[in-house]
Every structure is written in structure tokens, then in C-alpha cells.
Amino acid sequence: MTLVVREHKRLGRGNKLSMLAEELKAGDVGLEFLTGELKGSHDPSGIVFTVLAAMSGTEREYIRDRTLEGHESARKRGKTIGGAGVTDEDMLSMALYLRDQEMSLRDIAKRLVVTTGTKRGQHPSPATVMRMLREHDEKAATVASV
């Protein structure tokens, strides 16, 4: 029996890949990659698979580090990270009022409506409401401590 995978990146990374190799070896299952640098059949217990597991874990860390560096560089240039904001002062005021009425984040989100952008007319997510209220509270605490 052979496990056929489009590309080695689809199998997993690091420890998960090592565990998969052990399971494949125990089940006497071969491995075949359809595309990529490792195209062809491989023995899951062989050196290629071991190196692959090590490289994939390193690659993930490299991608993460480069992404974080890119975000930091963009922030230094004044760029914002993430999608366009959907909240405004009116929405914040209403959310604060509804929170004072002891409504849940989900219920608050259902009562608010986005007024600008591509999400116009839709409700913000509870996570967006939580983030908006948290940012407001953090700013208020900073102003109060000064």
C-alpha cells in the first residue's frame, strides 16, 4: 500500500511528521509525492523523510519570523496590519451603552450595524465588539493613570 500526497508540505511538520513516519512504517505503507522537489516514491523510515521532517519544522519558524518582521516593518512605515476597520465612534457609544445594560458580546454584535465599507449593513462579529471595547477600556485606563 502507498500513501499518495500532492506535495510534501501537505503531510505535516516537525513532530507530527515524525509520528506519521512511524505509523506508515508500522503499517508497511510507502509514500509517494506527486509534485515538488521530492516528487516520486520514498521510504517513510528513510533519511529523506527524516530530513524532510527537520526541514519542515525549520521552514515554519522561518516563515513565521519573516512574517513578523514584515509586520513590524510595515508598522514602522505607518501601515496598518489587517483588514479595514468596521467600527466607528457611534458604534462604540452604542456598544458601551449595551454593555452597561449587561448584554452579552453576541447580543451587542447583533444590535450593531457596520455603516461603511464592504461590510456595510452587516453586523460586526462578537470578536470585533470585544476588541473595540477592550481598546476603549485600555485607552480610558491610560488616560486615567496620567
Which numbered condition ARG60 misses (of (1) surrounded by 12 or more Cβ atoms within 10 Å (Cβ to Cβ); (2) over 30 Å from SER18 (Cα atoms)): (2)
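The rows are residues; the columns are (1) closer than 30 Å to LEU3 by Cα; (2) assigned by TED's automatic domain parsing to the domain that holds ARG6.
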| site | (1), (2) |
| --- | --- |
| ALA26 | yes, yes |
| GLY40 | yes, yes |
| GLU69 | no, yes |
| ASP107 | no, no |
| ARG111 | no, no |
What residue, of HIS71, HIS136, HIS123, is under 30 Å from LEU17 (Cα atoms) and surrounded by 10 or more Cβ atoms within 10 Å (Cβ to Cβ)? HIS71
On the basis of being at pLDDT below 85, in a strand (DSSP E or B) and either of a type outside the set (S, T, N, Q) or in contact with a Phe, Trp or Tyr (Cβ under 6 Å, 6 or more places away or on another chain) (or both), does LEU38 make the cut? no
ASP28 is checked against (1) at pLDDT below 85; (2) outside any helix (DSSP H, G or I) and fails just one. What number does that condition carry? (1)
Candidates ARG134, ARG66, ARG99, filtered to the one that is modelled with pLDDT of 90 or more, under 30 Å from LEU11 (Cα atoms), assigned to a helix (DSSP H, G or I) and among the charged types (D, E, K, R): ARG66
Among the residues that make up the range 89-96, is at least one of them exposed (fewer than 14 other Cβ atoms within 10 Å of the Cβ), small (Gly, Ala, Ser) and at pLDDT 85 or above? yes
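The values are calculated or read from the model by the stated rules, or taken from the named source; none is laboratory data. Bear in mind the structure is a predicted one, so any value in this text is a computation, not a measurement. Virtual Cβ from ideal backbone geometry, glycine too; neighbours counted across all protein chains shown.
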